[in-house]
Amino acid sequence: MQFEPGAADQHIADLARAAARDHLTPRAARTDAGIFPRENIAALGQLGLLGIKIDPTFGGLDGSNLAYVLAIRELAGACASTTVTVAVTNMVADMIARFGTDEQKQRHLAKLVSGEYLAGSFALSEPSAGSDAASLQTRAERRGDDWVLNGNKLWITSGDVAGVTLVMAKTDANKGSRGITAFLTEPGMPGFSVGRHEDKLGLLGSSTVSLAFEDVVVPDSARLGALGQGFEVAMTALDGGRCGIGAQAIGMGYTALRETSRILTARAARDKALGTEQNALFRLADMALRLDAAWLLVQRAAWLRDQGKKMTKEAAMAKVAATEAANFACQTAMQLAGPDAFDAGSTIARVWRDVRVSRIYEGTSEIQRLVIARSLAAGL
Ligand code: CAA
């Protein structure tokens, strides 16, 4: 196993670090005030960071999964709202690159990667199908050369701004997860509408909406992958996506750690007993310990994906470990930094709010544990 980033991986991580410093950090407070980070998306699009693993023909960076998690960690340390938007866009681009026809790639990839589309969105969850994704109710019925989509999607990141949405729908109600097919829909299709904007605790600069499909006619040429392959498309996306969410959480966790160290050092200058007491030092050490251990799992999962190996269990382990370590770090930061962190506009307050959902979206910690346990039972 070799996690040491190669020169190309490091170049992508460096690009992300510079973009975080120059674009995301200066706008982090404004983004956290609920303003969708269009300028950040434009800047990241110019750098290729919306298509980290995508072929340069389409403006991407042809990077590895390791480069992807390194870049996401850098971006998330500065602004998690921008990063979740970027992560879902990368995920949709990856699925089009992996399962798409030449026509679909030509139609969408350059626009997704450049930022012309602003974002891609991934529409799997529904009002009555969150964790049990295969029980989704949205249906697609064949009509001549087309499909007609009906149903509702919920908690869709960037669903209102995305230039393309990857929608999972039932094409055969009798076949369970094998009766699900993926489609690429576009805004402006008659019958497609954006509903409620979620009023969230964190990630306030990212947009999370419900979507409705009422007799939306989608050509068969917009079907992504084979008939009945939609659940596999979604799960393949999530194997990579969960590494990204793990990296996003770790980025936030390290920001909490650095910020707490800074605050305690300043406090120690004023009152030696408070800033250097063993309680504070041990807890900082625990934050670093858990974050570093989890980060190794994230890198392992990304590395396995780069080797073309099955890594569903490892992605689940990476996500649960990273998001729980990062939540621990942000929670501990809040306690140690006290009044400096409880100020609503502080960096620690922002990451404390932003990190919480990482244990919920792209599969809850409970679902990750189910995936791990099932893999163990299957001898994987
Ligand atoms: N890759 C490829 N195929 C996979 C797979 C994977 N990782 N996982 C499962 N499959 C295949 C299986 O091999 C099986 O195929 P066969 O029928 O051919 O044998 C089929 O899919 C069904 O698999 P399961 O029996 O394991 O499916 P299940 O119904 O028991 O559910 C689950 C599995 C893991 C619980 C799944 O429903 C799940 O991951 N739930 C969580 C959903 C989720 O993560 N939602 C996130 C929403 S997106 C989001 O949050 C993004 C955002 O906006 C930030």
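In the condition set (1) more than 11 Å from the ligand (Cβ to nearest atom); (2) of a type in the set (Ser, Thr, Tyr); (3) in a loop (DSSP other than H, G, I, E, B), Tyr361 is compliant with all but (1).
With Thr364, Thr347 as the choices, which residue is over 18 Å from Thr82 (Cα atoms) and in the same structural domain as Asp286 (by TED's automatic domain parsing)?
Values: Thr347 fails: over 18 Å from Thr82 (Cα atoms).
That would be Thr364, the only listed residue that is over 18 Å from Thr82 (Cα atoms) and in the same structural domain as Asp286 (by TED's automatic domain parsing).
Can you work out which of the residues in segment 203-251 that are of a type outside the set (A, V, I, L, M) and closer than 15 Å to Ile156 by Cα is surrounded by the most Cβ atoms within 10 Å (Cβ to Cβ)?
This residue is Ser206.
Remark: pairs (first residue in segment 310-325, without any contact (Cβ under 8 Å) to a residue 40 or more places away in the chain; second residue buried (at least 23 other Cβ atoms within 10 Å of the Cβ) and part of a helix (DSSP H, G or I); Cβ separation under 8 Å; 6+ apart in sequence or on different chains) = Glu314/Ala301.
Any idea which of Ala344, Ala321, Ala316 is within 12 Å of the ligand (Cβ to nearest atom) and either assigned to a helix (DSSP H, G or I) or out of contact with any Gly (no Cβ under 8 Å at 6 or more places or on another chain) (or both)? Only one candidate passes the filter, namely Ala316. Going by what's in this entry, would Arg73 be described as more than 16 Å from the ligand (Cβ to nearest atom), crowded, with 23+ Cβ neighbours inside 10 Å and touching a residue at least 24 places away in the same chain (Cβ under 8 Å)? Considered against the rule, which asks whether it is more than 16 Å from the ligand (Cβ to nearest atom), crowded, with 23+ Cβ neighbours inside 10 Å and touching a residue at least 24 places away in the same chain (Cβ under 8 Å), Arg73 comes out as yes. For segment 253-307, the tally of residues that are out of contact with any helix residue (DSSP H, G or I) (no Cβ under 6 Å at 6 or more places or on another chain), assigned to a helix (DSSP H, G or I) and over 29 Å from Ile72 (Cβ atoms) stands at 9.
Residues in segment 192-200: is at least one in contact with a helix residue (DSSP H, G or I) (Cβ under 9 Å, 6 or more places away or on another chain), within 25 Å of Ser81 (Cα to Cα) and either assigned to a loop (DSSP other than H, G, I, E, B) or near the ligand (Cβ under 10 Å from one of its atoms) (or both)? Yes, some residue in segment 192-200 is in contact with a helix residue (DSSP H, G or I) (Cβ under 9 Å, 6 or more places away or on another chain), within 25 Å of Ser81 (Cα to Cα) and either assigned to a loop (DSSP other than H, G, I, E, B) or near the ligand (Cβ under 10 Å from one of its atoms) (or both).
Selection of segment 96-130 for residues being over 17 Å from Val216 (Cβ atoms), crowded, with 17+ Cβ neighbours inside 10 Å and out of contact with any helix residue (DSSP H, G or I) (no Cβ under 7 Å at 6 or more places or on another chain) yields Gly100, Arg107, Lys111, Ser125, Gly130. Among the residues of segment 131-174, those that are within 12 Å of the ligand (Cβ to nearest atom), surrounded by fewer than 19 Cβ atoms within 10 Å (Cβ to Cβ) and in contact (Cβ under 8 Å) with a residue 40 or more places away in the chain comprise Ser131, Ala134.
The values are calculated or read from the model by the stated rules, or taken from the named source; none is laboratory data. These numbers come from a predicted model, not from an experiment. All Cβ positions, glycine included, derive from the backbone under ideal geometry; neighbour counts span all protein chains shown.
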